[in-house]
Amino acid sequence: MSGVFAPRGPWLFSRTLDLAMFAGSALVSWLLVGIGATLGWLDQDTPGLCWLACVVAVDVAHVWATGFRVYFDASEVRSRPLLYLGLPALAYLGGVAAHAVSPVTFWRLLAYIAVFHFVRQQAGFMALYGRRDPQTSAADARLDQAAIYATMLYPLVHWHASLPRRFAWLTQGDFVEGASRALVGPAAWICFALLGSFVVRQLVLAARGALHPGKCALLLATFSSWYGGIVLFDSDYVFTVTNVLLHGVPYFVLTYRYARAVEAPSLARRIARAGALPFVAGCVALALGEELWWDRLVWHERPEWFGTEASLPAAALVFIVPLLAVPQLTHYLLDGFVWRVRSENPVLRRELE
């Protein structure tokens, strides 16, 4: 049985898989943008079938892939029960407290935790490339991290300085307004200076026969999705398709490969070793179940798919909304722990040390 990662070198998994999950995800996103432009979707909310395919089947579903990393593996849960069982409880209680203050407080807090998670995931993949390639120097690792952060932080500065916009991270009003437009110019200069430095460094390495194509694919895909989806367009549709594919698809790959590599018997390993299709189908089924309750109890936007339900009073939503958000918030928070290389994570230690 193969491990999580490929042998040490310029690829995390393989040339084909790395390029598919980073460059391929970005290319599919922009293909969808082109289709949407042709059909007039750029000036409206994301159409239903595209929302189902991108948001539910990728974004919401990848949240449930955390189950294959943790909760569908009894031995993993037993290894750190306080973390794995206590964190969802704390997430729920914190969500109730925030929603009791105001719905805006709850959604704003959740949005910024989500942003942090999205940014850290891309930086984490860049760090994995550096860690697994013995030719990566300390200076290269610092430049890699600075460049990948710049590709995301500059668009976020631009977003905050141009509010309100026609799209939101989670819901309208979740980002804080009032950032000065004067910040955008310096942020852009810093971003492009770091990207230029990264490109020059890779050209130098290429001349020595040591170009790192995986890092280049990751950085280019991240820049195209974040800059294009946030800075170039003011469109809910464009932001949706460019945002979720690059984030969700690589996470599916990572959790799938991890679940297959775990040696202890578990539900996660059985499903993953049955193939990628059962793995993804399980995540999508759970995502559809979650979205059904969100729509029936909170949003009431797609009765043709999820049916109708009477609106709940505001007092009930204080407890229902944070409960429905527990999988999402648990995914965001646990990712800060479960991918660290420590003594309690023998699979990753074996793969990365």
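A compact table of results
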item	result
Meets criteria (buried (at least 17 other Cβ atoms within 10 Å of the Cβ) and farther than 23 Å from A91 by Cα) for G307	no
Helices (runs of 4 or more DSSP H) completely within the stretch 279-353 that count 1 or more residues being among the hydroxyl-bearing types (S, T, Y)	326-338
Verdict on R132 being within 27 Å of Y149 (Cβ to Cβ) and modelled with pLDDT under 95	yes
Residue in the stretch 232-264 that is farthest from the chain's Cα centre (by Cα), counting only those that are under 16 Å from V119 (Cβ atoms) and aromatic (F, W, Y)	F239
Condition check for W294: buried (at least 16 other Cβ atoms within 10 Å of the Cβ) and either in contact with a helix residue (DSSP H, G or I) (Cβ under 6 Å, 6 or more places away or on another chain) or without any contact (Cβ under 8 Å) to a residue 24 or more places away in the chain (or both)	yes
Breaking point among (1) touching a helix residue (DSSP H, G or I) at 6+ places or on another chain (Cβ under 7 Å); (2) assigned to a helix (DSSP H, G or I), for T136	(2)
Checking L163 against (1) over 26 Å from A37 (Cβ atoms); (2) in a loop (DSSP other than H, G, I, E, B); (3) not small (G, A, S), the condition it does not meet	(1)
When residues of the stretch 177-191 are limited to those that are touching a residue at least 24 places away in the same chain (Cβ under 8 Å) and of a type outside the set (G, A, S), the one surrounded by the most Cβ atoms within 10 Å (Cβ to Cβ)	C191
Qualifying residue in the stretch 25-32 (condition: surrounded by fewer than 16 Cβ atoms within 10 Å (Cβ to Cβ) and under 16 Å from P213 (Cα atoms))	no
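The values are calculated or read from the model by the stated rules, or taken from the named source; none is laboratory data. Because the structure is predicted, anything quoted here is derived from the model rather than measured. Cβ coordinates were reconstructed from backbone atoms using ideal geometry, including for glycine residues, and neighbour counts include every protein chain displayed.
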